[in-house]
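What follows is calculated from the coordinates using simple rules that are stated; it is not laboratory data. Quick caveat, the model's predicted, so the values are computed rather than measured. Glycine also receives a Cβ, built like all others from the backbone with ideal geometry; neighbour counts cover every protein chain displayed.
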Amino acid sequence: MPRSSRFLLDMLELDRGADLPLHRQLYNALRAHILDGRLPPKTRLPATRVLANDLDVSRNTVISAYDALLAEGYLDAIAGSGTRVAALPAPPARRRAERDTPELPQLSARGGLMTTQPRDRTIPGRIAFHPGYPEIASFPFSTWSRLLALAMRNVGEDLFGYHLVNGHPRLRSAIAEYLAVSRGVKCTPAQVIVVTGTQAALDLIARLFMDPGDHFWIEDPGYVGAYSAFLAAGGEPSPLPVGPDGWQLEMPNRPPPRLIFVTPSCQWPLGLVMPMDVRLNLLHLAEKHDAWIIEDDYDSEYRFRGHPIPAMQGLDDSGRVIYVGTLSKTMFPSLRVAYIVVPPKLVEGFDTAVSITGQYPPLLLQAALADFISQGFLATHLRRMRRLYARRQREFIARCRERLDRWLTVGEADTGMQVVGRFRQPLDDRDVLAVALRHGVDFSPLSRHYRHAPPEQGMFLGYAGVSSEAMRVGVERLRAAFEEIEKMQLEKTPGRSSNTRRASIGPPLPLISVLPEMSKNLRKSGKPDLRRERAGERGQRQLSRRTR
Ligand SMILES: Cc1ncc(COP(=O)(O)O)c(C=O)c1O
């Protein structure tokens with residue numbers, strides 16, 4: 001019997017003081033659950049002795065209720081497999097409900113906005129080449145599980161109550177120290193608020209600062225997660241265009257903002273770094289308009305060339321920058337831990353607001369995380385991933401240049417975990433995605449990241465979480481997709497038949513998965529398997545020697 005049905009029967013209440021006999025009460029309750037579908041067809045009911053024991057009634061009471069239900073066709077007794085709920089036709093009310101298209105219940109204006117935002121959906125196991133995915137298989141899971149188990153046993157710290165909603169003090173200190181050293185952020189531990197991911201941070205900030213109709217400036221192209229959070233809070237978007245020459249701050253008649261959202265250390269999706277004069281200008285504008293800058297510093301730990309670029313927050317002397325960082329890229333996304341560094345004057349307000357939203361991660365996890373950071377495991381993992389991603393980017397670009405050059409130019413990125421590819425001829429990136437998905441490979445169309453400006457077409461490609469082998473297969477699949485598109489274009493030229501086009505579209509291939517590789521690695525008790533990567537790198541060196 002499914003656990004849910006078992007709970008249901010445990011909850012049955014029989015009234016011993018009522019006039020109705022117990023067997024009839026039990027019959028009524030079971031019949032009602034069968035009719036309303038909570039005990040679905042084929043559900044096996046407990047043996048009479050077991051249910052009698054659970055309900056503290058005589059076995060005859062249960063037998064009598066079961067017998068009545070059997071006689072009326074609600075139950076079937078099947079030799080060797082006990083008593084089961086019969087397959088009844090659905091009652092008329094349910095059939096009507098199933099037939100009608102489900103309508104959203106009446107929502108608030110904000111609810112309506114929230115439920116109609118664009119969403120970037122990802123599929124478990126599918127990573128090649130979805131941007132924003134870190135390497136998971138090399139994460140030190142054995143260390144992580146040891147620290148989690150230790151936190152669980154550490155009763156001295158009281159990690160089991162309702163307290164510390166802003167974050168565990170040890171974690172806030174560890175994050176403040178880490179940010180000062182690695183990102184040039186100026187803050188005390190009290191300014192660090194720990195929340196369940198950047199998305200929670202953006203939702204909280206939007207709700208705290210924006211009234212319906214307030215304007216927010218947002219990079220265009222930019223991060224759809226931020227756009228949706230501010231829009232859902234009733235904000236009015238005003239684009240901050242970003243082009244090959246960077247951020248265009250000066251725009252006549254732009255309404256004054258309440259919030260300004262930027263990704264200055266690695267612009268999402270173009271990968272640009274905001275120059276110092278633009279940073280200073282933006283700080284000046286924020287002060288002039290009494291606005292807040294939200295600095296989303298999501299993956300700038302991965303800088304491969306040149307000097308590290310410190311966060312903009314470190315330049316801010318007037319307390320205008322709200323800095324947001326995440327562990328989704330430096331550890332793994334499902335951890336759901338991010339941090340907001342708020343100016344000192346906002347600390348108290350955030351304290352209360354976080355407790356109302358409930359968007360704080362479990363204290364046990366935070367305690368383990370504090371140990372993971374302060375004992376140097378995060379720094380070690382980051383160093384290794386920085387090297388790995390630099391290798392992977394080189395390998396990916398070399399492969400693209402070797403196999404896709406006819407259709408695509410892929411630029412290098414100094415920071416981050418993804419690169420942008422641009423088509424050599426006019427193509428609609430969503431059409432290209434549709435064909436690529438059929439070939440079992442994924443990417444993010446560049447146009448999806450534009451809101452106002454005419455969208456650029458291209459491919460936003462994540463390489464960081466893709467092993468050498470998956471990368472090789474993925475690039476071959478992209479090549480096959482481009483070849484198919486080329487054929488389709490030829491078919492469209494006058495005087496050619498369309499047979500080849502139909503023939504070339506076979507059944508969809510399964511998407512490239514990270515999971516088999518990962519489970520192999522996990523079996524080795526969390527020890528990362530960099531041998532494959534090194535082998536990939538050696539192969540890559542040979543490949544580039546050959547192509548030189
Ligand atoms: C621009 C940007 N910021 C932040 C994040 C991370 O969000 P979260 O912390 O909610 O996982 C992402 C994820 O891809 C992102 O693209």
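A few comments on the model shown:
- Think of the chain as having a plus end and a minus end, set by charges on the Cβ of Lys, Arg, Asp and Glu; of LEU270, LEU8, PRO252, LEU270 sits farthest toward the positive end of this dipole.
- Globularity ratio of the chain, using Cα Rg and 2.2 N^0.38 Å: 1.20
- Near the amide H of GLY271, within less than 5 Å, lie no amide hydrogens of residues on another chain or at least 5 residues away, with H placed in the peptide plane.
- Annotation: extensible slack from LEU280 through GLU402 equals 39.8 nm (criterion: 0.36 nm per residue apart, minus Cα-Cα distance).
- Label separation (GLU486 vs ARG44): 5.9 nm, computed from points 7 Å beyond Cα along the C-beta direction.
- Volume per residue for region 141-235 equals 162 cubic angstrom (convex hull of Cα atoms).
- Cβ-Cβ FRET estimate between ARG424 and THR115, R0 fixed at 30 Å, reported to 0.05: 0.15
- Positive-end residue, the chain charge dipole about Cα centroid, Cβ charges, pick of ALA436, GLY416, VAL337: ALA436
- The peptide list 255-264, 155-164, 301-310, 111-120, put in order of mean Cβ contacts within 10 Å with the highest first, becomes 255-264, 301-310, 111-120, 155-164.
- Listing ILE340, ILE63, ILE78 from fewest to most neighbouring C-beta atoms within 10 Å gives ILE78, ILE63, ILE340.
- Hydrodynamic radius (Kirkwood) for region 3-85, which is based on Cα pairs only, to one decimal in Å: 12.8 Å
- Calculated FRET efficiency, ASN154 to THR122, Cβ-Cβ distance, R0 = 25 Å: about 0.15 to the nearest 0.05.
- Estimated from helical segments only, the mean residue ellipticity of the chain at 222 nm is -13500 deg cm²/dmol, where each DSSP H run of four or more residues counts as -39500 (n - 2.57).
- Modelled FRET efficiency - R0 22 Å, THR188 with THR352, Cβ distances, 0.05 increments: 0.70
- Net charge contributed by nearby residues that have their C-beta within less than 15 Å of TRP407 (K/R +1, D/E -1): 0
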